[in-house]
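Accompanying notes for the structure given below.
The values are calculated or read from the model by the stated rules, or taken from the named source; none is laboratory data. On a predicted model such as this, the values are computed, not experimentally measured, just so you know. Counting neighbours? That spans all protein chains shown, and the Cβs are built from the backbone with ideal geometry, glycine included. These area figures cover heavy atoms from the full protein model, side chains too; ligands, DNA and RNA do not enter into them. Shrake-Rupley method; radii C 1.70, N 1.55, O 1.52, S 1.80 Å.
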Amino acid sequence: MQYPEAVEELIEYFRQLPGVGRRGAERLALALLDWEADKQRLFGLAVAKLPERIGNCPECGAIAPAGEVCAICSDSRRDGTLLCVVENMPQLFAVEKGNSYRGKYLVLGGRLSPLDGEDGSSLNLELLRKRASGGEVKEIILALSPDVEGRATAAYLAELLADAPVKLTRPALGLPAGSNLSFADSATISAAFSGRTDLK
């Protein structure tokens, strides 16, 4: 059976979400069709307004209300001498769930992956250099996934920051090699951050 064109279009958009295959996309699209028309319009409006309402924090690159500093960067209780570098927002949230890190963040916006055409040109490297040389940051924690691309990115960043006046470390304990930091539980994250190792 062929779905109407509008439903097929919706299914194709849902398929572009991480972890959503054809069947999952069909279920989401059909669930939307069960909503009242007003709810469907509000959902569409919320998606349409995202580019105007959401942007990136100018200090760390995390998602934030458009044109504003994120909640973590604006929190005076956070330790500005510690900077945790993560690949993306799910990793930032994973570290926050560990409840052991009280510093600030820098979201790279990806990682090096030559096979996928990611050579580092789209990463927040200039922002990282600026934070590393600004004088406030004393330690940078490279909390990148311990898979091949994550390790390659960490090595690249360690070389990039070799002359920066900061201590360079990485989480050490409990993170299994080849896995993604986003999927680590809070106890594992906490252990990894308390036992981080020096990279310089």
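Could you give me the residue pairs with C-beta distances under 6 Å whose first residue belongs to the range 144-161 and is open to solvent by less than 50 Å² (accessible area, probe 1.4 Å) and part of a loop (DSSP other than H, G, I, E, B), whose second residue is modelled with pLDDT of 90 or more and hydroxyl-bearing (Ser, Thr, Tyr) wherever it lies, and which are 6+ apart or on separate chains?
Every condition considered, the pairs that remain are LEU144/THR153.
Specify the residue that is modelled with the highest pLDDT; the eligible residues are those in the range 150-169 that are over 18 Å from ASN124 (Cβ atoms) and under 19 Å from the mean Cα position of the chain (by Cα).
We begin by selecting, within the range 150-169, every residue over 18 Å from ASN124 (Cβ atoms); these are 151, 162-163, 165, 167, 169.
Okay, now just the ones that are also under 19 Å from the mean Cα position of the chain (by Cα), so 151, 169.
On the way: ARG151: 85, THR169: 92.
Selected residue: THR169.
I'd like the full set of residues that are within 13 Å of ALA164 (Cα to Cα), open to solvent by 30 Å² or more (accessible area, probe 1.4 Å), touching a strand residue (DSSP E or B) at 6+ places or on another chain (Cβ under 8 Å) and not in a helix (DSSP H, G or I), limited to the range 123-143.
The answer is GLU136, LYS138.
Give ALA6, ALA25 a once-over and let me know the one that is farther than 28 Å from ALA64 by Cβ and touching a helix residue (DSSP H, G or I) at 6+ places or on another chain (Cβ under 7 Å). Break it down stepwise before answering.
Numbers: ALA6 fails: touching a helix residue (DSSP H, G or I) at 6+ places or on another chain (Cβ under 7 Å).
After applying the criteria, what remains is ALA25.
Listed residues GLY120, GLY98; which is on the phi > 0 side of the Ramachandran plot and open to solvent by less than 20 Å² (accessible area, probe 1.4 Å)? Spell out the reasoning first.
Working: GLY98 fails: on the phi > 0 side of the Ramachandran plot.
None of the other options fit; the residue is GLY120.
Please tell me if GLY67 is farther than 30 Å from SER190 by Cα, small (Gly, Ala, Ser), out of contact with any His (no Cβ under 7 Å at 6 or more places or on another chain) and open to solvent by 80 Å² or more (accessible area, probe 1.4 Å). Step through it out loud before you land on a result.
Values: farther than 30 Å from SER190 by Cα: yes; small (Gly, Ala, Ser): yes; out of contact with any His (no Cβ under 7 Å at 6 or more places or on another chain): yes; open to solvent by 80 Å² or more (accessible area, probe 1.4 Å): yes.
Against the criterion (farther than 30 Å from SER190 by Cα, small (Gly, Ala, Ser), out of contact with any His (no Cβ under 7 Å at 6 or more places or on another chain) and open to solvent by 80 Å² or more (accessible area, probe 1.4 Å)), GLY67 qualifies.
For (1) more than 24 Å from VAL137 (Cβ to Cβ); (2) open to solvent by 80 Å² or more (accessible area, probe 1.4 Å), each residue gets a yes or a no:
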residue: MET1; (1), (2): yes, yes
residue: GLU9; (1), (2): yes, yes
residue: VAL20; (1), (2): yes, no
residue: ARG53; (1), (2): yes, yes
residue: SER76; (1), (2): no, yes
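Just for the range 178-199: of the residues that are at pLDDT 70 or above and in a loop (DSSP other than H, G, I, E, B), which one is surrounded by the most Cβ atoms within 10 Å (Cβ to Cβ)?
ALA184
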